[in-house]
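Here is the structure we will look at.
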Amino acid sequence: MRSMALGTTLVGLLVLAACAAAPAAAPPPAAPLAVTHTARDLAPPSACEGRFVAHPLGVTTGARMREIATYASNGAGLAAGDLDGDGRLDLVLASIDREATILWNDGGLRVVPQPLEARFTRAVTVVDVDGDGALDITFSHRGRAAPSLWRNLGARRFAAAPLPGVDSYAYALAWADLQGDGALDLVTGAYDAELKNFGLTPDELRVAGGVTLYEQRDGAFVGHRLADRAEALAIGLMDLDDDARPDVWVGNDFAVPDACWVRQGAAWRPDYPFAQTSHSTMSIDWGDLANDGRMALFTTDMNPGDVSVEVLAQWLPVISTLEEKHGPFDPQIMANTLQVRDWRGAWQNEAARRGVDATGWSWSGRFGDLDNDGFLDLYVVNGMIASNLFGYLPGGELVEANRAFRNRGDGTFAAAPEWGLGDTASGRGMLPADMDGDGDLDVVVNNLRGQAVLFENRLCGGAGLAVDLRWPGSPNPYAIGARLELVTSAGTLRRDVRVSSGYLSGDAPRVHFGVPAGATLERLVIRYPDGAVADVRDLRPHTLIEVLR
Amino acid sequence: MTTADRPFRLAPLLALLHPGRLAWPAAIALVIGLILGWGGFLVLGLPRWAITAIVLLVLLPVGILKWRDDLRRHGFTIMMLSILLITQGVHTIEHLMQFAQYYIQLLPARQANGLLSPANAEWVHFVWNWSVLLVVLVLLRGGVRNPPAIALLVVAGAHAIEHTYTFVRYLQVLSELRELEVLRVTAQGLPGIIGRDGWLARSPLTQGTFLCTLPGITTAMRLDVHFWWNIIETTLLLGAATWFLGGHPPTLVPSWWRAREWWGARRARQGTGASVG
């Protein structure tokens with residue numbers, strides 16, 4: 001009898017243990033979503049020269065300022081998107097000292113400039129805020145100003161429109177469906193150092209600065225204060241805790257540590273996932289570097305890429321003044337970071353081992369498969385102009401070449417100076433986008449005190465596949481936040497649809513896959529932000545496909 | 001086993017370091033040095049390095065007397081050993097101060113530069129490390145030849161090379177700064193061969209290899225790198241000295257230690273007699 005009772009207890013304990021150890025019930029696999037897609041051939045590939053060719057765009061920010069000092073020195077961003085629905089990506093260049101400019105893409109790398117009455121702008125995104133199917137434009141501005149919205153009226157016309165409820169001053173901004181309700185939400189981050197220069201008191205900063213998450217509800221925005229203090233140069237909205245939902249990462253300048261928030265139920269809680277972060281995080285980007293499904297997160301900072309005596313002498317007078325008192329267990333280092341999960345699932349900084357920890361006075365650092373070999377490469381733009389910092393250098397300018405890095409195929413990088421991207425203009429905002437529609441990524445840089453430049457990709461080999469997602473009737477018609485997996489004979493390539501990343505810049509909601517030569521395309525799996533999954537087949541390289549949900 | 005048979009005995013080392021009859025003069029000199037330094041700070045606003053220099057200068061005569069005693073009693077080699085032990089100890093305090101300034105006071109790395117180094121870290125450490133290497137060579141020549149001493153020679157040599165590299169870079173960058181007409185900026189504190197942003201970490205030869213992220217070797221900041229250089233050197237020096245003095249004639253064994261040994265040996269003899277009887 002006793003042994004029977006003991007056996008029953010043991011069985012009961014085992015059952016209890018099994019119940020306790022069982023993972024939370026996974027949602028039932030969603031039925032494959034019915035989508036339709038159309039494909040059209042891309043433009044013929046540009047001439048194969050093994051390098052990029054620079055095309056000045058005729059627009060300059062900072063040229064009207066007699067002298068550039070901090071924080072005009074931080075320049076402005078740019079964004080891309082098909083604003084007029086002609087299938088070609090147009091550009092919007094923000095400007096710190098004049099009105100912003102739309103560059104209408106008329107094909108063949110011909111652009112037509114059109115001023116937009118948005119003045120003294122910093123960050124820019126091209127995003128369909130109101131879900132009407134047309135891409136709008138949002139800006140952050142220098143000084144005491146909340147973000148602005150320019151609604152797309154069609155026929156290449158825009159009108160200023162309110163962002164009801166959005167009242168915090170912002171430097172960086174980013175859009176994504178953070179609340180999971182379909183509508184796009186906004187995160188803004190202020191740059192307190194500049195606001196102080198504009199006369200804000202600490203009390204005013206606490207009210208109007210900091211980090212705010214604006215939840216979009218029925219066309220209006222409800223602010224949730226995340227932090228009272230910020231020196232936000234970059235905001236990344238990506239999944240940090242593997243729950244397939246975007247989280248918030250604010251990259252702060254100076255000694256203010258970066259801040260992260262992850263969603264816990266309906267609330268947002270601060271998180272500290274990184275053992276090391278950049279000291280002055282100037283840009284945030286992310287991607288799957290080795291096509292193994294593991295996300296890597298990249299931030300830029302100030303760290304001389306060249307440690308020759310001449311370069312160190314140029315840096316030293318400034319860099320020696322930038323250090324501030326650090327806090328206990330301060331995770332900040334003055335270097336780029338490349339966060340990759342280790343075997344425990346913890347983020348580890350592997351920037352040094354992978355060859356990208358020191359690239360100069362780096363602003364935008366962006367991934368993109370520049371050589372169409374199926375692996376994300378890296379491009380970083382550099383330089384600094386500030387008469388109050390670099391007065392001992394001609395023009396107050398620290399001249400540095402931009403740096404391109406080729407992904408070796410395992411997520412480590414080799415410098416690629418042969419690509420001809422080592423421009424020495426003082427780059428700030430930057431994005432990779434296929435501007436000539438020929439299947440490879442070009443690069444556009446919004447330089448400070450120098451013309452914005454489009455670097456036309458004339459590398460050789462591989463092909464491209466461009467993907468536009470359309471979700472009409474949804475408050476998120478471009479399916480921002482969708483994750484795409486392209487299954488090929490050369491491996492599975494993963495990308496996501498986003499409208500903001502890097503430094504002050506907005507991405508086109510058009511996804512680019514580089515397809516290595518000889519690889520065949522098997523299928524495209526699309527995971528929409530609401531959890532629905534679509535499977536698209538009959539794919540050909542060198543096409544632009546539009547997937548309609 | 002006699003005293004001379006034992007390689008590791010702590011007592012002779014303690015006896016060598018003990019100021020003996022100079023204990024009171026040393027204490028008084030320290031107090032005078034501190035008063036002068038504090039006064040200099042209050043009246044003249046002397047910087048930290050100058051106050052430290054005053055204290056060391058006031059202590060120096062006592063040290064010279066101590067080392068003269070060592071020379072008379074034990075000879076040249078042990079006197080040099082005594083000099084190195086005491087001065088390396090003081091130098092280690094300098095690095096402990098840097099460590100405390102950074103990790104406890106939370107000062108920025110460039111301001112966490114110890115007591116004397118603010119005068120000029122590159123000169124101080126360059127001169128110091130070559131001096132250590134020379135003294136270690138003198139000690140080897142004088143008979144201090146044991147495994148810790150050999151290891152110390154290697155480490156001190158490497159450390160001196162490291163500081164030569166940083167010193168040369170310091171002078172070069174200083175020259176560049178002069179060309180830029182930047183005269184008020186110091187070029188001290190640049191990374192050396194090892195450590196984060198050092199030559200090994202940033203060399204094209206090591207890019208993309210495990211050498212870029214060798215824990216400590218290519219990842220630690222300069223302050224940590226040199227703290228550990230000195231901790232290792234001091235440990236090896238203590239090991240070499242203990243080994244060497246343990247095999248030295250018992251003049252360096254203090255009387256209380258000899259009495260303790262005599263008492264132990266007597267008890268052992270008594271115990272043996274009891275068992276035989």
Checking the conditions here, which among A:256, A:211 is of a type outside the set (Gly, Ala, Ser) and at pLDDT below 95?
A:256
Take residue A:411 and decide whether it is at pLDDT 95 or above, surrounded by fewer than 24 Cβ atoms within 10 Å (Cβ to Cβ), within 21 Å of the chain's Cα centre (by Cα) and within 20 Å of residue A:276 (Cα to Cα).
yes
Output yes when any residue across the stretch A:108-128 is buried (at least 19 other Cβ atoms within 10 Å of the Cβ), among the small types (Gly, Ala, Ser), out of contact with any helix residue (DSSP H, G or I) (no Cβ under 7 Å at 6 or more places or on another chain) and not in a strand (DSSP E or B), and no when none is.
no
Only strands (runs of 3 or more DSSP E) wholly contained in the stretch A:138-188 count here; list those with 1 or more residues that are open to solvent by 20 Å² or more (accessible area, probe 1.4 Å) and farther than 18 Å from residue A:78 by Cα.
A:148-154, A:157-161
Exclusive hit being modelled with pLDDT under 95 and under 29 Å from residue B:137 (Cβ atoms), set B:87, B:3:
B:3
Find the residue count for the stretch B:198-213, including only residues that are under 18 Å from residue A:333 (Cα atoms) and within 7 Å of chain A (Cβ to nearest Cβ).
4
Condition first: without any contact (Cβ under 8 Å) to a residue 60 or more places away in the chain and either in contact with a Ser or Thr (Cβ under 6 Å, 6 or more places away or on another chain) or part of a loop (DSSP other than H, G, I, E, B) (or both). Can you find one or more residues in the stretch B:149-171 that meet it?
no
Among the residues of the stretch A:438-446, is there at least one that is open to solvent by 20 Å² or more (accessible area, probe 1.4 Å) and in contact (Cβ under 8 Å) with a residue 12 or more places away in the chain?
no
Among what's in the stretch B:113-133 and is crowded, with 21+ Cβ neighbours inside 10 Å and within 14 Å of chain A (Cβ to nearest Cβ), pick the residue that is farthest from residue B:161 (Cα to Cα).
B:113
Inside the stretch A:250-284, the number of residues satisfying the requirement of being aromatic (Phe, Trp, Tyr) and out of contact with any Pro (no Cβ under 9 Å at 6 or more places or on another chain) is 2
Filtered residues of the stretch B:175-189 (kept if facing chain A (nearest Cβ under 7 Å) and at pLDDT 90 or above)
B:176, B:177, B:180, B:181, B:182
Among the residues of the stretch A:307-321, the number that are within 12 Å of residue B:172 (Cα to Cα) and more than 7 Å from chain B (Cβ to nearest Cβ) is 2
Find all pairs meeting these conditions: Cβ atoms under 9 angstrom apart; at least six residues apart or on different chains; first residue within the stretch A:322-333 and more than 7 Å from every other protein chain (Cβ to nearest Cβ); second residue among the basic types (Lys, Arg).
A:333/B:196
What number goes with the only condition from (1) open to solvent by less than 40 Å² (accessible area, probe 1.4 Å); (2) within 14 Å of chain A (Cβ to nearest Cβ) that residue B:103 does not pass?
(1)
Which members of the stretch A:337-395 meet the condition of being within 14 Å of chain B (Cβ to nearest Cβ), among the aromatic types (Phe, Trp, Tyr) and open to solvent by 30 Å² or more (accessible area, probe 1.4 Å)?
A:392
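The values are calculated or read from the model by the stated rules, or taken from the named source; none is laboratory data. Fair warning: this is a prediction, and the values are worked out from it, not measured in the lab. Here the Cβ is made from the backbone with ideal geometry for all residues, glycine too, and neighbour counts use every protein chain on show. Ligands, DNA and RNA are excluded from the accessible area calculation, which covers all protein heavy atoms including side chains. Shrake-Rupley method; radii C 1.70, N 1.55, O 1.52, S 1.80 Å.
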